[in-house]
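Some notes on the structure that comes next.
The values are calculated or read from the model by the stated rules, or taken from the named source; none is laboratory data. Note that the structure is a prediction, hence the values are computed from the model and not measured. Methodologically, a virtual Cβ is constructed for each residue, glycine included, from the backbone with ideal geometry; neighbour enumeration extends over all protein chains shown. Just the protein is used for accessible areas: all its heavy atoms, side chains included, with ligands, DNA and RNA removed. Shrake-Rupley method; radii C 1.70, N 1.55, O 1.52, S 1.80 Å.
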Amino acid sequence: MPNSSTHLYIHFIWATWDRMPWITVEREARLHSCIWRECESLNCQPLAIGGIENHVHVLVRMHASIRVAELAQQMKGASSHFVNHAMPDDVPFRWQGGYGALSVSLSHVRRVGNYIRAQKQHHAEHKLWPALEKVHEEAD
């Protein structure tokens, strides 16, 4: 379908294994960069990545050729492999088994993206969107 165009926006959320605080300041930028590159390698457009020490949020414009579950698996797998090989620690880095995924309407993409980019501030000030934070807990 050479002239196809999709506007499918998905907000992914997933946590570290047992909610361990493994996303350190030293790891965060490189971890987010790895997730970003993995999205792009699958022809998806990452729009925002953020989180705190025990979970991550990613907003992506999906490509029509990939399934939501496939993108989640690839983002989690590539980033876990990267951390364990490029930034090893005494304890192997792992993500939880599940993930949350919410569809986002085009009219809310900017607002959700801003929320994701300001995760540290929102958590510090306890100004969270419960629906967006609870999804990764339900995925366990």
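Solvent-accessible area assigned to carbon and sulfur over the chain amounts to 53 percent, based on a 1.4 Å probe.
The accessible-area ordering, largest first, of the residues R94, R111, R61 stands as R111, R94, R61, per a 1.4 angstrom probe.
Peptides 113-121, 101-109, 66-74, 31-39, ordered by how many other C-beta atoms sit within 10 Å of their residues on average, highest first, read 31-39, 113-121, 66-74, 101-109. Could you point to the label whose value was computed as Cα extents along the principal axes in Å for the structure here, given (i) 49, 34, 25; (ii) 64, 35, 23; (iii) 36, 34, 28? Correct label is (i). Rolling a 1.4 angstrom probe over the protein heavy atoms with all chains in place gives region 1-130 an accessible area of 56 Å² per residue.
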